[in-house]
1. Of everything in the stretch 110-126, what is touching a residue at least 40 places away in the same chain (Cβ under 8 Å), of a type outside the set (D, E, K, R) and closer than 21 Å to GLU61 by Cβ? Give them in sequence order.
2. Quick test for you: out of ASP95, ASP87, pick the one residue that is within 13 Å of GLN139 (Cβ to Cβ) and either in the same structural domain as SER216 (by TED's automatic domain parsing) or assigned to a helix (DSSP H, G or I) (or both).
3. Output the residues belonging to the stretch 81-137 that are closer than 25 Å to LEU166 by Cβ and hydroxyl-bearing (Ser, Thr, Tyr).
4. Need pairs with beta-carbon distance below 8 Å; first residue more than 18 Å from SER92 (Cβ to Cβ) and within the stretch 54-80, second assigned to a helix (DSSP H, G or I) and not hydrophobic (A, V, I, L, M, F, W, C); sequence gap 6+ or separate chains.
5. Restrict the check to the stretch 76-85 and report whether at least one residue is under 17 Å from ALA222 (Cα atoms), out of contact with any strand residue (DSSP E or B) (no Cβ under 8 Å at 6 or more places or on another chain) and either aromatic (Phe, Trp, Tyr) or modelled with pLDDT of 95 or more (or both).
6. Show the residue pairs meeting these rules: Cβ distance below 9 Å; 6+ apart or different chains; first residue within the stretch 131-143 and on the phi > 0 side of the Ramachandran plot; second residue assigned to a loop (DSSP other than H, G, I, E, B).
7. Is at least one residue of the stretch 137-149 part of a strand (DSSP E or B) and either surrounded by fewer than 20 Cβ atoms within 10 Å (Cβ to Cβ) or at pLDDT 95 or above (or both)?
8. Out of the residues in the stretch 36-67 that are at pLDDT below 85 and acidic (Asp, Glu), state the one that is surrounded by the fewest Cβ atoms within 10 Å (Cβ to Cβ).
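The values are calculated or read from the model by the stated rules, or taken from the named source; none is laboratory data. Being a predicted model, the structure only gives us computed values, none of them experimental. Cβ sites come from the backbone with ideal geometry, for glycine too, and all protein chains shown count toward neighbours.
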Amino acid sequence: MGGKPQTANIDNRLRHPLSANAELIAQLPVDMVIDNYFYEHARNLYGDVPAESVMFAAKGETATWADYTEPTRELGVLIDNPKMAEDYIVQSQKDIQLASQQFKERYPKAKKFAVVQFADANNMRMYVANSLFQPALEQMDRELVVLGKGNNWGFVPIRMGDLAQLDDETCLLIIDPLSPITRAEIDDSLIWQRLGYGNTRCVGELPPVWIYGGMSSLVSLANNLSDVSLKGGEVL
């Protein structure tokens, strides 16, 4: 969401506080820094610039649409433009609904999804109910299927064999990046071959999404899903 010209977040180059350049921060034309609690320990780098924390994350065991709209409204108050925040929420919901419609036209049978990201060929993160995938899929009238309760970051570690617990109607979404080496090892895995993803079971790949990007991440995820290429199972 945009804001006043003088108001800005720390830019992408400064997201890792250990590598932050204090001189560069001092030169940025800002009158406020909006961070989250992960970066509060780096506030001494901001000098006299005031800082506020806004966090986009689940407040309970299941992430809700309100967990993303309420912090957006907080941002609107902080930049003295509540209407901009409300307009952004309305437009974001419209964008997600449009993406949902486009997806349903392409894959009307695909209604249940499990979302994973591979660490290596046998270990992965499964994103669960307290991640942004829950409200995004819910807004798209689709179901997130999970295997367990998530940690504070919205995922549960699983192994490839655990995917056998998913039913045949659940489509597996793999979040990139996936290195060529890991991809080759997955393809060569006997477990993967027996699971049948890409043949008897549905699978697709999605571009990376910033887990803590707020409403913009929900919209990006919905748009990515509207463009995804699914294969296998009975989705076609």
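1. Matches in the stretch 110-126: PHE113, ALA114, VAL115, VAL116, GLN117.
2. When all the criteria are applied, what remains is ASP95.
3. Of everything in the stretch 81-137, those that are closer than 25 Å to LEU166 by Cβ and hydroxyl-bearing (Ser, Thr, Tyr) turn out to be SER100, TYR107, TYR127, SER131.
4. LYS59/ASP67; THR62/GLN134
5. Scanning the stretch 76-85, I find no residue that is under 17 Å from ALA222 (Cα atoms), out of contact with any strand residue (DSSP E or B) (no Cβ under 8 Å at 6 or more places or on another chain) and either aromatic (Phe, Trp, Tyr) or modelled with pLDDT of 95 or more (or both), so the answer is no.
6. ASP141/LYS111
7. Yes, that holds for at least one residue.
8. ASP48
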